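First up is the structure itself, then whatever we jot down about it.
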Amino acid sequence: MPDIIKLLPDAVANQIAAGEVVQRPASAVKELLENAVDAGADDISLVIKDAGKTLIQVNDNGCGMTPMDARMSFERHATSKINNANDLFAIRTLGFRGEALASIAAIAQVEMKTRPKEEELGSCLKIEGSKLISQEPCQCKPGTSISVKNLFFNVPARRNFLKSNTTETRHIIDEFIRVALINPGIAFEMIHNDKPVYKLQKGSFKKRIIDLFGKVYQERLLPVEQKTNLLSISGFILKAEFSKKTRGEQYFFVNNRFIKNAYLNHAVTKAFSELLPTDAYPSYFLHITIDPADIDVNIHPTKTEINFKDARYVYSMVNAAVRESVGKFNLTPTLNFDEDPALTTAFHSRPEGEVRPPEIHVNPDYNPFDTKKSIPQGGPSAGFKPKTTGDKNWENLYRHFESKVDGIEEKPVSQQEMFSGQPEEKPMQEPGRFFQVHKRFILTNVRSGLMIIDQQKAHERILFEKYLEQLKDKRHPSQQLLFPKKVHLSPADRTLLADMKEELLNLGFTIEIKDDFTEVKGIPGELKENLIAGTLESIVENEKRESDKPATDRQTRLARLLAAQMAVKPGKTLTEPEMAELFDKLFACKVPETAPDGKKIVGIADIHLLEEFLK
Ligand code: ADP
Ligand code: MG
């Protein structure tokens with residue numbers, strides 16, 4: 001039998017290695033940024049085109065390379081950072097495997113210009129699919145500039161696996177943030193499709209967090225500081241009440257390297273203990289400095305996982321450090337566990353910086369905005385308002401309700417209204433036709449027995465269909481704000497919001513995205529002004545969480561989220577006319593039986609069942 005085993009050519013070996021190191025544009029961004037940091041740069045810029053699919057460019061003012069090193073840097077297992085295996089346990093740089101540039105050059109068209117400070121001329125190298133195209137001396141600034149064009153140009157299968165530009169950009173921003181966060185002594189800039197996304201000046205760790213996540217973090221951060229002979233922990237945690245619904249801001253760095261570690265994450269979560277709402281995640285930015293001999297960084301190709309020699313010790317230190325900070329600074333927990341159930345919505349997030357005022361108790365007659373509310377069709381069902389003002393209690397409840405369920409007043413539902421085009425002056429419903437149970441369910445008589453309706457789910461369905469229609473028809477009823485409201489979102493979140501601008505407009509949000517904040521000029525009629533920031537935060541978080549799931553489209557996601565957010569909650573007393581209206585509108589829906597989340601809205605207890613019940 002002939003020998004059949006042969007060594008793979010370098011280009012093929014590199015392509016295989018690239019499969020591990022470069023999964024998507026963001027992986028290349030990570031490696032290039034890390035190289036720039038390792039090169040000692042204090043000014044780094046990242047330029048991206050089409051979510052990195054067309055261009056990823058990283059420019060630094062670091063040490064640069066000689067022409068020989070420039071050529072060598074693209075060889076596999078070529079590195080200036082370690083000399084032997086023992087060095088693996090003395091690593092202070094981010095890179096050490098010597099395979100990033102070789103991998104990137106195997107699957108893209110790469111151009112590098114590099115020059116050490118003390119040299120007059122730099123060198124320019126072009127490599128495509130591991131093949132050196134040219135290398136010649138060139139004029140360039142001290143430092144290194146690498147352009148990676150057409151990633152995966154020679155691996156179409158890989159290219160096809162890439163997600164939408166929004167998703168890929170988000171991954172890039174994630175990597176950028178991880179590197180920028182822990183290197184506040186370096187100025188960073190990120191430009192995407194010729195537009196600046198971040199411009200970060202040198203400063204403290206705290207300043208860097210604020211520059212990356214928004215000014216509101218100024219008041220939200222609590223310092224963490226702990227030092228022992230073996231390690232030191234420093235950084236910040238976010239006050240419990242600002243914790244998020246997504247794992248967004250959870251950052252561990254070990255010796256300046258971002259790492260993922262579920263065990264340590266548990267240490268932090270535990271330290272917050274009962275201060276965290278059950279479905280929330282703590283946010284933290286923690287830097288552990290430890291002797292490199294006490295960790296193993298060489299266990300994962302992308303170097304985001306590491307092993308600790310004594311993981312339990314690190315766990316207990318992190319836990320203690322966070323507990324101390326929580327205890328010291330959170331003496332008066334601002335969380336209110338006895339909150340009105342109506343407020344604990346599925347998307348409970350607080351408007352920045354402000355304490356959520358108690359709901360309602362504003363006389364709508366004094367509200368100048370009410371008169372301007374734009375109503376897409378029909379008109380407010382005037383007939384539903386009590387003609388007398390005698391019953392103060394009723395009035396209050398009505399107002400309470402009105403501010404939440406304006407939405408259900410907006411669509412014409414009755415036959416008469418539909419045909420005459422005039423809002424019908426509805427008679428008051430017969431007393432006793434609808435009955436509310438435990439401020440949660442609506443009961444009514446139907447031919448076969450007793451109908452039970454879940455008030456929240458019913459309203460969700462009504463609003464969901466309404467929003468979906470608005471999104472499809474591109475109608476955008478909006479309530480213009482007299483004083484536009486500034487909302488502080490992180491630049492990454494602003495980018496995502498910008499991407500959804502058109503859909504948001506159709507839902508009634510008139511939004512302008514400025515350089516360092518977002519200005520809201522108009523909102524959906526149902527939204528209360530003090531909930532604007534919280535709602536936009538929820539929208540962004542929901543999009544981050546859901547956009548990778550292929551099953552839903554963005555319009556459905558948005559309609560579902562807003563409907564859930566604005567629907568009347570259990571705990572609201574509903575008046576007869578309000579229940580009647582909810583009922584009418586529900587049965588004018590396309591799918592009255594099921595809520596947008598698939599839950600059942602309506603059930604009928606058959607009269608025979610009721611008889612049985614009493615036997
Ligand atoms: P590693 O970072 O693991 O050493 P890379 O493939 O990323 O491997 O880079 C190979 C070598 O190229 C590095 O060890 C370094 O000497 C050099 N290098 C890469 N990028 C830069 C840069 N931006 N500035 C200076 N030197 C660089
Ligand atoms: Mg590297």
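The values are calculated or read from the model by the stated rules, or taken from the named source; none is laboratory data. Keep in mind that this is a model prediction, so the values were computed, not measured. When we count neighbours, we look across all protein chains shown, and the Cβ atoms used for this are built from the backbone with ideal geometry, even at glycine.
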- Message: Pairs needed: first member in the range 33-53, on the phi < 0 side of the Ramachandran plot; second member anywhere, basic (K, R); C-beta distance under 8 Å; at least 6 residues apart or different chains.
- Response: D38/K81; D42/K202; K53/R159
- Item | Failed condition for R71, given (1) modelled with pLDDT under 95; (2) within 13 Å of ligand 1 (Cβ to nearest atom) | (1)
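How many residues are more than 20 Å from T166 (Cα to Cα) and assigned to a helix (DSSP H, G or I) if we restrict to the range 518-567?
At the first step, the residues of the range 518-567 found to be more than 20 Å from T166 (Cα to Cα) are 519-535, 560, 562-567.
Then drop every residue that is not assigned to a helix (DSSP H, G or I), which leaves 529-535, 560, 562-566.
The qualifying residues number 13.
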- Note on the structure: Just one listed residue, out of L181, L101, is outside the structural domain of A492 (by TED's automatic domain parsing), surrounded by 20 or more Cβ atoms within 10 Å (Cβ to Cβ) and away from ligand 2 (no atom under 16 Å from the Cβ), and it is L181
- Item | Candidates L497, L561, L507, filtered to the one that is hydrophobic (A, V, I, L, M, F, W, C) and within 27 Å of F176 (Cα to Cα) | L497
- Among the residues listed as D42, D38, D60, the single one being surrounded by fewer than 16 Cβ atoms within 10 Å (Cβ to Cβ) and either under 23 Å from A187 (Cβ atoms) or more than 13 Å from ligand 2 (Cβ to nearest atom) (or both): D42
- Some residue of the range 34-43 being more than 10 Å from ligand 1 (Cβ to nearest atom) and either in a strand (DSSP E or B) or in the same structural domain as E119 (by TED's automatic domain parsing) (or both): yes
- Those residues of the range 44-65 which are within 11 Å of ligand 1 (Cβ to nearest atom) and either out of contact with any Pro (no Cβ under 9 Å at 6 or more places or on another chain) or assigned by TED's automatic domain parsing to the domain that holds P301 (or both) amount to I44, V58, N59, D60
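Would you pick out the residues in the range 151-178 that are small (G, A, S) and buried (at least 22 other Cβ atoms within 10 Å of the Cβ)? Full working, then the answer.
Just the residues of the range 151-178 that are small (G, A, S), to begin with: 157, 164.
Scanning the range 151-178 gives no hits.
Hey, among L121, L55, which residue is away from ligand 2 (no atom under 16 Å from the Cβ) and surrounded by fewer than 16 Cβ atoms within 10 Å (Cβ to Cβ)?
Details: L55 fails: surrounded by fewer than 16 Cβ atoms within 10 Å (Cβ to Cβ).
Sole residue among the options that is away from ligand 2 (no atom under 16 Å from the Cβ) and surrounded by fewer than 16 Cβ atoms within 10 Å (Cβ to Cβ): L121.
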- Filter the range 63-98 down to residues that are within 10 Å of ligand 2 (Cβ to nearest atom) and in contact (Cβ under 8 Å) with a residue 60 or more places away in the chain and give me whichever is surrounded by the fewest Cβ atoms within 10 Å (Cβ to Cβ). F96
